[in-house]
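Take a look at the structure below.
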């Protein structure tokens, strides 16, 4: 799911990227802007990076830990890495921890809580 999410980001497909979040206002994202509730608010926060002229560096994840919390609920700890290709090499522009609570619904894992710093 994280690899798919990064591929959607790197392809510039905001709708597919946000579709990894569970629909509904109970889905939360915590970042530098505070708490956002629901995929609509999360999409609005990311939209400027996907707009023409927006800066959206290449995204990848390093998976650190996966803890099952219930049969269809996981706590995922990872590091996100944003990199920019400059002069033939990748230069990391941002790196930080992310903690994701994911729920499997209809055979698909989706994020219900995202805390990224």
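No lab work stands behind these numbers, since they all come straight from the coordinates. Since we're looking at a predicted model, the values are computed, not measured. Note: ideal-geometry Cβ built from the backbone for every residue, glycine included; neighbour counts use all protein chains shown.
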statement: Checked against the structure, the computed P(r) over Cα pairs in 10 Å bins from 0, in percent among (i) 11, 24, 21, 21, 16, 5, 2, 0; (ii) 12, 38, 38, 11, 1; (iii) 13, 46, 33, 7, 1 is the one labelled (iii)
- line: Cβ density ranking, 10 Å radius, fewest first, applied to 1, 102 yields 1, 102
- prompt: Mind ordering 56-69, 35-48 by average Cβ neighbours within 10 Å, highest first?
  reply: 35-48, 56-69
- request: Nearest 5 is fine: what % of DSSP beta bridges in the chain come out antiparallel, could you say?
  value: 90 percent
- request: Sort out for me the Cα centre separation of the stretch 73-117 from the stretch 1-38, rounded to whole Å.
  value: 9 Å
task: Evaluate E = 1/(1 + (r/R0)^6) for residue 64 and residue 85, where r is the Cβ-Cβ distance and R0 equals 30 Å; express this FRET efficiency to the nearest 0.05.
output: 0.75
Full-stretch length increase - residue 94, residue 4 - with 0.36 nm per residue and alpha-carbon distance subtracted: 30.4 nm
